[in-house]
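As structure tokens, the structure follows; a few thoughts come after it.
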Amino acid sequence: MRACSKCLENQWRFRKIENWVVASCEYCGNEVSFEAKKVNKIEPTIDDACKKCGGALERKTHKAITQKQLRKSFYFKSWLKCKKCGTIYMLPSQIIRKYDSQTSVPH
């Protein structure tokens, strides 16, 4: 988003009200509203074709969870890989997070 037209700062606080986004400048209080964009993110499934080449997708998983993955704040339990071109599709529903979603603090 661009800088505020009154104070030229770029410190906005956003809130969504139905299909509208209201942005408030934290410095001068100027408010701007605009229609929220509709985002249709559909997660690919094993039955879908590759978006690049149209090849078949297969589900991949880790053979074992390594210490490197355990040190990270999250890792993917599984993902999809195209058999033809090798494109990898990471699935947000397969994320394993290692912190409490309420506090966002690592365990």
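Computed values, structure above
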{"read-out": "Of all residues in the range 68-98 being under 23 Å from Gly54 (Cβ atoms) and of a type in the set (Val, Ile, Thr), the one that is nearest to the chain's Cα centre (by Cα)", "value": "Ile88"}
{"read-out": "From Cys25, Cys50, Cys85, residue being in contact with a strand residue (DSSP E or B) (Cβ under 7 Å, 6 or more places away or on another chain) and over 30 Å from Arg13 (Cα atoms)", "value": "Cys50"}
{"read-out": "Residue within the range 43-63 that is within 30 Å of Val22 (Cα to Cα) and at pLDDT below 85 present", "value": "yes"}
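The values are calculated or read from the model by the stated rules, or taken from the named source; none is laboratory data. The model shown is predicted, which means the values in this text are computed figures rather than measured ones. Glycine also receives a Cβ, built like all others from the backbone with ideal geometry; neighbour counts cover every protein chain displayed.
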